[in-house]
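This report refers to the structure that appears directly beneath it.
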Amino acid sequence: MLQSFLQKLRRHWLFLAFIPVLTFLFCSAYYYWINHSFLSFTDSLFQSEIVQSTLNLHYTLNDPSSCGIENYPVTLGKADPESLLSSCQTLNKYHTALRKIPHTWLSQKNRLTYDILDLCFETQKQGEKYLLYQEPLGPSLGTQAQLPVLLAEYSFHSTKDIEDYLTLLEQIPAYYDGLLSFEQAKAEAGLFMNDTIAQGIIDQCNAFLGTEKENILFTTFETRLENQKNLSEKEKLDFIQKNENAVETCVFPAYKKLSEGILALKGSGNNELGLCYYPDGKSYYTYLLKDLTGCYNSIDDILERIQRQIRTDITKLRALVQNNPSLLTDAGIETLQNNTAAISDDPQKLLADLQDKISADFPEPPSVSYDVKYVEKSLENYLSPAFYLTAPLDNLNQNVIYINRGAGYEGLDLYSTLAHEGYPGHLYQTVFSSSSGINPVRSLLNFGGYVEGWATYVEMMSFSYADVDEATAELYRINRSLTLGISSLLDIFIHYYGYDKSQVSACLAQFGFTGENVTESFFNIILESPGNYLKYYLGCLCFQDLQNAARKKAGENFSLKNFHKKILETGPCPFPVLYSYVLQQYK
C-alpha cells in the first residue's frame, strides 16, 4: 500500500517537474509562430504595396525577385481622388490586421517595426478627411518638377528595365489626367492653390517643354543605353527611336495639357493666405506637421522650442561678433570669403574629406560607391540646390548626389551641402540604416522629419569639420540655423496663426530682413509647401533634444559615436518611437 502510494507520488512529482519544460517549449513555439506570422504580414504588405508604383519599386529594389516579387504591373499609380480614398481604406485594413498580432510576444526588432507601423497607420487615418487639402503640384517640389529627374535616373540593368521605362513614359498622360482630376476636385471644394503658385507650375511646365531636343529625357537615355552590352547597335537605335516617340507623343503633350489645365483653373482659388483660412485648416496643419515631421508635440510647444533656439542663436551670434568685431566689417567679410573660397570645389575631394573628419563622432559606415552629378541646366531654376537619390535596398552601391550649379554654392556652403547629402548625411544614414537589417516594409513609409532632420543635424556639425577657423565655422552654422529657424517660425505664423504679408514683413524686419521682394519670396515659398522647412529644422531640433536627453541619462559614460550608432540602427521612424527605443538603451 505504502509502495503504491510512493510510486504515485513519484509520478506526480515527475509530472510537475516537466511542467516548466513544457511551458518553455509551448512559449518558445508560440513566440516563434507570432514572430513568423508578423514577418509574413510585413512581407505581404511590402510586396502588395511596392508594386503599386513601378518607380517606387525600381528605386527600392534592383532585383524585385530578391523580395519574392516575380511579376508586377508596370504603372505610375493613380492620382485621382477616388484612388487616393481607396488607398486610405486599404491602409485601414492593414491597421486592423496589424492590431490582431500580440505586440508583447514580438522580438524587440519586430516590436520596433510594429510600433512604427501602428503609429503611422493611426496618423494616416487622421488624415483621411483631409485628402483634398494635399497638394501634389508645385513650381519647385511638385510631381511635375520632380518626375523628369526620377525618370532620368531610372537605371537600366536589363532589357526589361528599358521596356518598363518606356511603358512609364506612355502612362504619363493618364497619370497627369488623374492629377488634373484631383486639382479640379480641389477647385470645386474651394481648396485650389493661389494664382502665384498656379503660374509657377505653368512656367515650370513651359520651361520643360521649351527644352525640346535638349530635354533631360532625351539627353540621359542614350547615356544609360551605353552600358547595355547585351544590346546590338540596331537594338539600341530602335530603343532610342521609341524613347523619342514616347517623349514627343506622350510626355510633351501631357505637360502641355497639365499646363493648360492649371491655367483653366487659375483664379478659382479663393485663399491667398495660409492653410488656416480654409475650413478646418488649422486642424489639417496640425495633422500635416505630425505626418511630415514625425514630431507629435503640440503646435504651441513646437513654436516655443523654435523661438527658444532662435533666441539662443542670436545670443551666440552677438557674443561671437563681440569677440570677433572684424567679422562683420568689409575687411572681415572679405577675409571670410577668402577663407571659405580656399575650400576645394571638387565634390569628390570634399566628400572624401568629410568621410575622414567624421570618424571621431560617427561609426564607420559600410564601404559603398557613389556618383556626383549635376542638374540639367533646363531644370536649375526649378529644383533644390542639391539632393540625394536613395540607394536600392538590394544594391547599396547605387548612390547618386545631384548638385544644382544654378544655386551657386561654393566654399563652405558647398562643403556643408555635401555633408547634408552625403557624409554623414543622407547617403551615410541610408547605407548604415539599411545595412542594419531594417524590415523592408519600412521603406514604404515617408519619415521626412527623421531623414531631413538628421541631414540638417549633421550639417550643423559639419561646419566645424571644414578647414576654416572656429569663428568662421560658427558664423556659418548660426546663419544656417537662423535662416531655417526664421523660415520655420513663419511657416507656423502663416499657416496656423494666419499672418498676412504685412505681418510677415514686420516679423522679418525684427531679424533685419527688409524689402518687399524679401517678404514676397518668403511668403510664396512657404505658401507653396506648408511644413517643408519644419521637416529640416524641427527634425534637427528633435535630434538635438534627444542627444541632450541621452547625455543626461548616461552622464560621464555618454559617447557621441555610440549615440549616433543607436539612432542609425533604429533607422527612420517617427520621433516618439525613436526617443523610446534610443533612450531605453541608457540605464
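The values are calculated or read from the model by the stated rules, or taken from the named source; none is laboratory data. Owing to the predicted nature of the structure, the values given are computational and were not obtained by experimental measurement. Quick reminder, even Gly has a Cβ in these numbers, built from the backbone with ideal geometry, and neighbours come from all protein chains shown. For the accessible areas, the whole protein counts, side chains as well, though only heavy atoms, and no ligand, DNA or RNA atoms are used. Shrake-Rupley method; radii C 1.70, N 1.55, O 1.52, S 1.80 Å.
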- Applying 1/(1 + (r/R0)^6) with R0 = 51 Å to the Cβ-Cβ distance of D500 and A319, what FRET efficiency is obtained, to the nearest 0.05? 0.90
- Task: Binning at 5 Å from 0, report for the range 154-300 what percent of all alpha-carbon pair distances ends up in each bin.
- Result: 2, 8, 14, 15, 13, 12, 11, 10, 8, 5, 2, 1, 0
- In the structure shown, of K78/K256; K282/K501; K373/K535; K129/K373; K234/K349, the pairs separated by more than 30 angstrom at the C-alpha atoms are K129/K373; K234/K349
- Message: What's the magnitude of the charge dipole for the chain around its Cα centre, counting Lys and Arg as +1 and Asp and Glu as -1 at the beta-carbon? Answer in Debye, nearest 20.
- Response: 3100 debye
- For helix 252-265, what angle does its Cα long axis make with the longest principal axis of the chain, in degrees from 0 to 90 and rounded to 10? 80 degrees
- With the charge dipole of the range 364-463 built from beta-carbon charges (+1 for Lys and Arg, -1 for Asp and Glu) about the Cα centre, the Cα from Y374, P385, N399 projecting farthest to the positive end belongs to N399
- Note on the structure: Under the 7 Å Cα-to-Cβ spin-label approximation, S86 and K100 lie apart by a distance in nanometres of 2.3 nm
- Please determine, in degrees from 0 to 90 and to the nearest 10, the orientation of helix 411-421 with respect to the longest principal axis defined by the Cα atoms of the chain, where the helix direction is its Cα long axis. 30 degrees
- Message: Given a 1.4 angstrom probe, I'd like the percentage of the accessible area of the range 205-252 that is carbon and sulfur, rounded to a whole number.
- Response: 50 percent
- How big is D for the range 119-182, in µm² s⁻¹ as a whole number, if Stokes-Einstein is applied with the Kirkwood radius of its Cα pairs at 37 °C and 0.692 mPa s? 231 µm²/s
- For the range 354-439, which whole percent of the accessible surface, found with a 1.4 angstrom probe, sits on carbon and sulfur atoms? 41 percent
- Note on the structure: Straight-line reach check, K236, cutoff 17 Å on alpha carbons, 8 or more apart in-chain or any other chain, hits among lysines -> K160
- Message: Given R₀ = 45 Å, what would the calculated FRET efficiency be for K236 paired with Q134, taking r from the Cβ atoms and rounding to 0.05?
- Response: 0.65
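Kirkwood hydrodynamic radius for the chain: how many Å is it when counted over pairs of different Cα atoms?
Here the Kirkwood hydrodynamic radius works out to 26.4 Å.
Counting only heavy atoms of the protein chains, get the accessible area per residue of the chain (1.4 Å probe) and round it to a whole Å² value.
Dividing the accessible area of the chain by its residue count gives 47 Å².
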- Item | Rounded to 5, percent antiparallel among DSSP beta bridges of the chain | 50 percent
- Query: To the nearest 10 degrees, how steep is helix 81-99 against the longest Cα principal axis of the chain, on a 0 to 90 scale?
  - Reply: 30 degrees
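Based on the Cβ-Cβ distance from K160 to S367, what FRET efficiency comes out when R0 is 51 Å, to the nearest 0.05?
Once rounded, the FRET efficiency stands at 0.95.
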- Note on the structure: Along principal axes, largest first, the alpha-carbon spread of the range 483-555 in whole Å comes out as 49, 24, 18
- Task: Any chance you could run the full-extension gain for K256 through T483? It's 0.36 nm times the residue separation minus the Cα-Cα distance, nm to one decimal.
- Result: 78.1 nm
- How many percent of the accessible area of the range 118-186 is carbon or sulfur, using a 1.4 Å probe? 50 percent
- Message: If I model a spin label at K553 and S521 as a point 7 Å from the Cα along the Cα→Cβ vector, what separation in nanometres do I get?
- Response: 4.2 nm
- Computed label-point distance, nm, for sites N397 and T312 using a 7 Å Cα→Cβ extension: 4.2 nm
- Note on the structure: Listed by chain and number, the aspartates and glutamates with an alpha carbon less than 13 angstrom from that of K109, same-chain partners under 8 positions apart left out, are E569
